[in-house]
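S.K.: Sharing a structure here in structure tokens format.
Throughout, read-outs are computed from the coordinates displayed, never taken from laboratory work. Since the structure is predicted, the reported quantities are computational estimates derived from the model, not experimental observations. Ideal geometry is used to build each Cβ from the backbone, glycine not excepted, and the neighbour counts take in all protein chains shown.
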Amino acid sequence: MRLKEFFYHTRQVLVNNGIDDASLESELLLRQTLGIDRVQFYQNLEQYITIEQREILQKLLQRRLRGEPFAYIRSYSEFYGLNFYVNNNVLIPRPETEILIDILLNKAQKYHRPFIVDVGTGCGNIAISVALNLPQAEIYAMDISAPALKVARLNCYRYGVRNRIILLQGDILQPLLCPVDFIIANLPYVKRSELDNHSYEPQLALDGGTDGLKNIRRLCHQVKGKLLPGGCLLMEIGKGHKKAVVAFLNKLFPTARIEVIPDLGGIDRIVSLILPR
Ligand SMILES: C[S@@+](CC[C@H](N)C(=O)[O-])C[C@H]1O[C@@H](n2cnc3c(N)ncnc32)[C@H](O)[C@@H]1O
């Protein structure tokens, strides 16, 4: 069988199994199997596929049909223009989180050497994107999950920032011993009743307790004493969480400036809190 016939066949299997964007996924599965880029793929459509390659593709296809996200199959996920190594110990970075980086980079401009903490770092996507865009920044990346930190460490090496990001294991802000300029966090915020028990992603990265706000509430309580005067907390929140989060932040920090920024889909996504100087 030629590559193009295999491409059509794989695409049809994906369509029959209700997978969106079957054409793209079929191309990506074949490229993953053959270890080739997009240009090579289209240049080689007339080439024959070997038995070994067919076997590899069959295995990858079966994983996909069982519902495994494509990012885990190919072992990486794109975020902020970078490719992060991922496995099933970490959340697959979501595009809506990228706005958190834009907001931070904008606010950090006026600092010569901003001191930044990323809470719940997962594969390290936020901390590493920030490190590459703010070469002077001092960055701590923390997570309660040791396997997730292992993935973050690999990504730090991959992007040459291992000597710039301090990785710490612990619960929310507990590992942080001194106050910082910025605390950024994308902690789990899915309501427990809405969790997909068959998800391939770690429950620890998704489970936000009964109302989805368990971790966010704990983070807000721990922020006291961990942010310098004029310091800023930036947190990703879930759909419908704005009112509750703003209410308890107002109660905890009555003199702070609080703002909520929507994502590109218009969903209130990032809460920003700035302490008075
Ligand atoms: C939603 S994922 C975010 C991953 C990554 N920062 C991103 O934005 O794609 C949440 C992360 O928080 C971590 N986490 C969960 N509970 C935590 C806790 N109590 N303290 C610190 N990290 C926690 C999880 O292990 C997971 O890596």
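S.K.: Name the residue farthest towards the positive end of the dipole of the chain from the options F79, A131, Q12, assuming +1 on Cβ of Lys and Arg, -1 on Cβ of Asp and Glu, about the Cα centre.
M.R.: A131
S.K.: Once you have the Cα-Cα distance between K243 and E96, take 0.36 nm times their residue separation minus that, and quote the gain in nm to one decimal.
M.R.: Using 0.36 nm per residue and subtracting the Cα-Cα distance, I get 51.0 nm.
S.K.: By how many degrees, between 0 and 90 and to the nearest 10, does the Cα long axis of helix 242-252 differ from the longest principal axis of the chain?
M.R.: With rounding to tens, the tilt is 30 degrees.
S.K.: Ok, one more. Projected onto the charge dipole of the chain (+1 at Lys/Arg Cβ, -1 at Asp/Glu Cβ, origin at the Cα centre), which of L34, S272, V151 gives the Cα projection farthest towards the positive end?
M.R.: The listed residue farthest towards the positive side: S272.
S.K.: Taking the chain as the reference, fit the longest principal axis to its C-alpha atoms, fit the long axis of helix 146-158 to the helix C-alpha atoms, and give the angle between the two in degrees, 0 to 90, nearest 10.
M.R.: Relative to the chain, helix 146-158 is tipped by roughly 80 degrees.
S.K.: Oh, and also: Working from Cα positions, state the angle (0 to 90°, nearest 10) between the long axis of helix 3-16 and the longest principal axis of the chain.
M.R.: So the helix axis and the longest Cα principal axis differ by about 60 degrees.
S.K.: R0 = 45 Å: FRET efficiency of D171 with E55, Cβ-based, nearest 0.05?
M.R.: 0.50
S.K.: Follow-up question, since we're still on this one. Just to be sure I understand: with springs between alpha-carbon atoms less than 10 Å apart, which residue in P262, P114, P147 has the highest mean-square fluctuation in the Gaussian network model of the chain?
M.R.: Most flexible of the set in this elastic network: P262.
S.K.: Right, here's the next one. Let me spell out the model: positive unit charges on the Cβ of Lys and Arg, negative unit charges on the Cβ of Asp and Glu, origin at the Cα centre of the chain. What dipole size does that give, in debye rounded to 20?
M.R.: Using only the charged Cβ atoms, the result is roughly 740 debye.
S.K.: Post the alpha-carbon centroid distance, segment 157-208 to segment 10-69, in whole angstrom.
M.R.: The two parts, judged by their Cα centres, are 32 Å apart.
S.K.: Another question about this same structure. What Kirkwood radius, in Å to one decimal, follows from the Cα pairs of segment 3-67?
M.R.: 11.7
S.K.: Taking the simple approach of a point 7 Å from Cα along Cα-to-Cβ for both Y42 and R2, what is their distance in nm?
M.R.: 1.7
S.K.: Starting from the 7 Å offset along Cα-to-Cβ, what nm value, one decimal, do you get for the label separation of S75 and K107?
M.R.: 3.6
S.K.: Quote the charge dipole size of segment 104-243 about the Cα centre in Debye, to the nearest 20; the model charges only the Cβ of Lys and Arg (+1) and of Asp and Glu (-1). Could the numbers behind the result be given before it?
M.R.: Values: 18 positive and 11 negative charges, 68 e Å.
Approximately 320 debye in magnitude.
S.K.: With +1 assigned to the C-beta of every Lys and Arg and -1 to the C-beta of every Asp and Glu, and no other charges, what is the dipole magnitude of segment 3-67 about the Cα centre in debye, to the nearest 20? Each step should come with its number before you reach the end.
M.R.: Values: 9 positive and 9 negative charges, 41 e Å.
Rounded to the nearest 20 debye, it is 200 debye.
S.K.: Same structure, new question: Going 7 Å from the Cα of N197 toward and past its Cβ, which residues in segment 65-83 have a backbone nitrogen under 20 Å from where you end up?
M.R.: 66-69
S.K.: Okay, moving on. When all alpha-carbon pairs of the chain are counted, what percent fall beyond 35 Å?
M.R.: When every Cα pair of the chain is considered, 26 percent fall beyond 35 Å.
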